[in-house]
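Visitor: What follows is a structure written as structure tokens; I'll ask about it next.
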Amino acid sequence: MLSRYLDPKNDYSFKKIFGEEKHKRIPIDFLNAVFQLTDEKKIIDLEFLNPKQPPDIAARKESIVDVMVQDQKGDKYVIEMQVAKIEGFEKRAQYYAAKTYCAHFRKGGIYNDLKKVIFLAITDYIVFPKKENYKCDHLILDNYTHEHDLKDFSFTFVELPKFTKKVDELISIEDKWYYFLKHADESNEINEILAEHPEIKEAYNVLDRYHWTEEELQYYEKLIMNEADMHGTLEAAKKEGLQEGLQKGLEKGKKEKTIEIATAMLTANAPIEQISKLLGLSDKEIHSLKKTQKK
């Protein structure tokens, strides 16, 4: 039996919850909870930015993230929901943050005008096996004094598999949001403890499949099927000895094996954005592969 509530970790549903203007109070509440922002630091308004930043030069990679917002002070938040494990995800996080930091800086600009970039990754797999906590914050600190002088970059990772609290153990709003992300699609009813928080209740309402059109549900299911097809393709590649080549290609910039996987994913009708996000290829490269397939 299908659950009434869809999976918030799905790319499409995640963006509907956290990336739409009409539900703006949801990401405001979520970010305030995750980063424990209060008083003058509290986010009171957000502007949604284009999560897909076109490259200055066509040959460069594009930045494609799930949600990108800017608060009332101009600080930018890059929010990424990552379900499938990706080799080098930590480096990709730094690449996206750097790209975002420089995106609006033009010739003649003043360095003091550059705003903070806060990268938030929620993962459905374990990124740091040696860390016990489900949440870790990474800052740039002085190696000797541990002073926080370089304040414009920070990276926060929330590893959902490590979050094991039960409903009756949820104390903070932050805890409730992580529980929502991990378990929302497992029940047909909203737990009364979670329903007490209006923004989480609204997020459940967004996930209610009865509020989705048939076309939206089909796209949601298609992403799930594409994910399964992608895993099947990678397993097949592994059996044929291609997985090692793919990892080396990603690490060393050699694209031969990466292109083989991308071609297989195109054959499985995986979305171009998903292929780009997984393999680091630009839209131009993927469209070129697609044209080659049609010949």
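Since every read-out is calculated from the coordinates, none of them should be taken as a lab result. Treat the numbers as computed from the prediction; the structure is a model and nothing was measured. Note that each Cβ is placed from the backbone with ideal geometry, even for glycine, and that neighbours are counted across all protein chains shown.
Visitor: For labels at residue 201 and residue 284 in the simple 7 Å Cα→Cβ model, what's the distance in nm?
Guide: Placing both labels 7 Å beyond Cα along the Cβ direction yields 5.1 nm.
Visitor: Right, something else. Would you please classify the overall shape of segment 75-162 from the alpha carbon gyration tensor, given that a ≥ b ≥ c denote the square roots of the eigenvalues, rounded means a/c under 1.5, and beyond that prolate means a/b larger than b/c while oblate covers the rest?
Guide: Verdict is oblate for segment 75-162.
Visitor: Here is a further query. Pull up the cross-link candidates among the aspartates and glutamates for residue 291, meaning alpha carbon to alpha carbon under 20 Å and not fewer than 8 places away within one chain.
Guide: 62, 256, 260, 273, 283
Visitor: Also, I was wondering about something else. Could you give the length gained on full extension between residue 273 and residue 72, defined as 0.36 nm per residue of separation minus the Cα-Cα distance, in nm?
Guide: Value of the extension gain: 69.4 nm.
Visitor: What distance in nm lies between label points placed 7 Å from Cα along the C-beta direction at residue 44 and residue 175?
Guide: Result: 3.0 nm between the two label points.
Visitor: Okay, next question. In nm, what is the difference between 0.36 nm times the number of residues separating residue 36 and residue 116 and their Cα-Cα distance?
Guide: Net length gain for the segment: 27.1 nm.
Visitor: In nm, give the distance between the simple-model label positions of residue 84 and residue 164, each being 7 Å from the Cα along the Cα-to-Cβ direction.
Guide: Label-label distance for residue 84 and residue 164, simple model: 2.9 nm.
Visitor: Can you tell me how much longer the chain between residue 224 and residue 128 gets when fully stretched, taken as 0.36 nm per residue apart minus their C-alpha distance, in nm with one decimal?
Guide: 32.0 nm is the gain from fully extending residue 224 to residue 128.
Visitor: P(r) for segment 11-212, please, calculated from all Cα pair distances in 5 Å bins and given in %.
Guide: Reading upward from the zero bin: 1, 6, 14, 18, 20, 17, 12, 7, 3, 1, 0, 0.
Visitor: Can I ask one more? Under the rule a/c < 1.5 gives rounded, and otherwise a/b versus b/c splits prolate from oblate, where does segment 147-227 land using the Cα gyration tensor?
Guide: Taking the square roots of the gyration eigenvalues as a ≥ b ≥ c, segment 147-227 is oblate.
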